[in-house]
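Where a number appears in this text, it was derived from the coordinates with a stated rule and is not lab data. Here the structure is a predicted model, which means the values were calculated and not measured. Quick reminder, even Gly has a Cβ in these numbers, built from the backbone with ideal geometry, and neighbours come from all protein chains shown.
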Amino acid sequence: MVHTPVTHPDATTQQISKADKRHTLHPWADLATAPTDGDLVISEGEGYHVCDSDGKRYIDGIAGMWCVNIGYGNTEMAEAMARQAEKLVYYTPFGAMTNPLSAELARVLAGLTPGDLNRVQFTNSGSAAVDSAIRFVHFYFSALGKPEKKHIISRLESYHGSSYLTASLSGKQVDRTYFHYMDDIIHHISAPNPYRRDPGLSLEAYCQSLFDEFEAKIDELGPENIACFIAEPIMGSGGVLVPPPGYHKGMKALCEKYDILYILDEVVTGFGRLGHFFSAEPVWEITPDLITCAKGITSGYQPMGAVIISDRLFNQISGENAPDEAYFTNGYTYSGHPIACAAALKNIEIMQRDKICEHVQEVGPYFLEKLKTLEQYEIIGEVRGNHLMACVECNISGNPVAAEDKDITAARTVDAFCDQAGLIVRPYEALLILSPPLIIDKEGIDQLVAIMAASIEKATEKLRKEELLTA
C-alpha cells in the first residue's frame, strides 16, 4: 500500500488527522483524548474566512489566535517574504551583528510607541518577549546595585506566555496543571473584572479597591524588593476583562510612587485590535516603562515578538553608565530574523496604507453594538469588549461571583453549534471569546452575530431538554 503524504493535495482528512494524532503534541492538548479524537484540519484561508480540509468554510472569529490582523492570503506579504528569502534568509544577530530589515523595523517600532520607548529587542514569540522584558528589568536593577528588587506582581486570570517564567507569571488557575511554577518572586493580585464585582460597589469604588489591594501587596513585600508590575491592557484569554476607567493610570501612578517598573503586555492589543498600533497612550493615557508585543506585528505570517524599552532605562546601564562586564546575555538565534522583519515591515505598511486602524475605529463600536443584542438571551450574562476584542459570557447558574459547571457547559454547547454553522469562536470556561481579523466588514459582523444568535437559541433549547436550564 502506497502512503499518501499529508502534504499531498489528495490526502484525506482522515490521513492528516491520523498522522497528527500519532506524532504531534499540541499546545493545550487534552491528553485524555489527544491520541484518539479527530482534528479540525484548517487548510486554506482568504480574507476573514478559513476552510477545513473537507472544504467547509468558516468565519474566523478569532483571527487564528488574536493575530491574523490583515487577513489570510495576502499576496503582498507572501511576495515580501519570498524576496527576502532569496536575498538573505538569515544571519546571526548576536553581539554587534545586524541586518538592514532588523534595523529598519526597530526604527519603525520606535516611531509607533509612546514617549521614549525607543530600544527594541526582537524575540520569536510573545512568551519570549515577556520573558525578555522581565530579564531586562532584573538586569537593570542589578546593574544599578539593587539586586534585591526582583519580585514581580502580576494578576489572577492574566496570561503572559507558556515558558517556565511566563507561565508562572500567568494567573489563569485553570491552566495550572501538573507543571511546576515559580512561586518565590512572583505574586498575584486580583484581576479587574467589573462584571464579577460586589453589586453594591460603584465602578469608582471598585477601582479604588483594586488600587488599595495593590498598595497593600507593595507594603507586604516591601517596595525595595519589587522590580515590576506586568499587565495586559485588556486581559485577553482570561476573558476579555476590560478594566474600569482610570485603572491603568492609577496603577501606573502607584508604580511611580514606589519605584516599580510598569510592563504593558500588548501582545494581544498591539497592532490595531483596539484601533491603534499601541493602546498605551491613546486608550489608557499612560507611557509604560516597557511594552511587549507579538502576534499582530506580522499578522501571523511569521513568528515574531519584541520588547520595547524606555531610553531612560537603557541609558542608565549603557555607555558611560554600563557596569563592569556589562554583557546583556539574553536573546535568541532568530532575533530580528530577516524574513520575519520583512513580514512585519510589510504588515505595518499595509496597515498604514489601507488605514486598518481607522477601519477598526469605525467597525469596532458596530461589532460591540451588535454583540450586545445577545444579552437578550437568558443564558448570556454579559457581552463586553473594546473594538474588535470581545467576550460573550454565559451565566445560567445566576452565580454573581464565579462560573459554575453548568455555565461552562452552556458555553461549550454554544461553541459546538457555532462550529456546525461555520463560525470559529474561542471557548474558555464559561466564555466565548471573539477577535476576528481587523479587515472584517459590517456584512461579516452581521453574519457572525447572526450565527451566534442562532447557536445560542439552539443551545438554550438543548440545555432546557437536558434540564440544565429551567423555565
>> As a test, work out the antiparallel percent of DSSP beta bridges whose residues both lie in the chain, rounded to the nearest 5.
In response: 65 percent
> Lys/Arg Cβ at +1, Asp/Glu Cβ at -1, dipole of the chain taken about the Cα centre: which of Met77, Met235, Pro288 is farthest positive-ward?
Replying inline: Met77
>> If neighbour count is taken as other Cβ atoms inside 10 Å, put Lys355, Lys295 in order from fewest to most.
In response: Lys355, Lys295
> Between the DSSP loop rule and a limit of at most 16 other Cβ atoms within 10 Å, which chymotrypsin sites (Phe, Trp or Tyr not before Pro) in the stretch 1-93 are left?
Replying inline: Trp28, Tyr90, Tyr91
> If the cut-off is a Cα-Cα distance under 17 Å, which lysines reach Lys465, setting aside same-chain residues fewer than 8 apart in sequence?
Replying inline: Lys406
> Each residue of the stretch 358-374 in order: what ³J(HN,Hα) in whole Hz does its phi give by Karplus 6.51 cos²θ - 1.76 cosθ + 1.60, θ = phi - 60°, with x for Gly and Pro?
Replying inline: 5, 4, 5, 4, 7, 8, x, x, 5, 4, 5, 4, 5, 5, 4, 5, 6
>> Can you return the lysines within cross-link range of Lys87? Criterion is Cα-Cα under 22 Å, with same-chain partners fewer than 8 residues away left out.
In response: Lys346
> Antiparallel DSSP bridges in the stretch 76-353: what percent, to the nearest 5?
Replying inline: 45 percent
> By count of other Cβ within 10 Å, fewest leading, how are Met97, Met65 ordered?
Replying inline: Met97, Met65
> What percent of all Cα-Cα pairs in the chain falls in each 10 Å bin, counting up from 0?
Replying inline: 4, 19, 29, 28, 15, 5, 1, 0
>> Which one, Pro244, Ala129, Ala103, projects farthest toward the positive side of the charge dipole computed for the stretch 76-353 from Cβ point charges (K/R +1, D/E -1)?
In response: Ala103
>> Just to check I understand the Karplus step: with θ = phi - 60° and J = 6.51 cos²θ - 1.76 cosθ + 1.60, what whole-Hz values come out for the stretch 136-144, glycine and proline as x?
In response: 4, 4, 5, 4, 4, 5, 5, 5, 8
> Taking the Cα centre of the chain as origin and charging only Cβ (+1 Lys, Arg; -1 Asp, Glu), how large is the dipole, in debye to the nearest 20?
Replying inline: 560 debye
> In terms of modelled amide H atoms, which long-range or inter-chain residues lie less than 5 Å from the amide H of Ile189?
Replying inline: Ser154, Arg155, Leu156
>> Rounded to the nearest 20 debye, what is the charge dipole size of the stretch 171-249 about its Cα centre when +1 sits on each Lys and Arg Cβ and -1 on each Asp and Glu Cβ?
In response: 420 debye
> Which percent of the Cα-Cα distances in the stretch 291-441 go past 26 Å?
Replying inline: 50 percent
>> Explain nothing, just the number: dipole magnitude of the stretch 76-353 about its Cα centre with +1 on each Lys and Arg Cβ and -1 on each Asp and Glu Cβ, in debye rounded to the nearest 20.
In response: 700 debye
> Could you put Glu285, Glu266 in order, starting from the residue whose Cβ has the fewest other Cβ atoms within 10 Å?
Replying inline: Glu285, Glu266
> Is the stretch 121-267 rounded, prolate or oblate when judged by the Cα gyration tensor, a ≥ b ≥ c being the square roots of its eigenvalues, rounded requiring a/c under 1.5 and prolate requiring a/b larger than b/c?
Replying inline: oblate
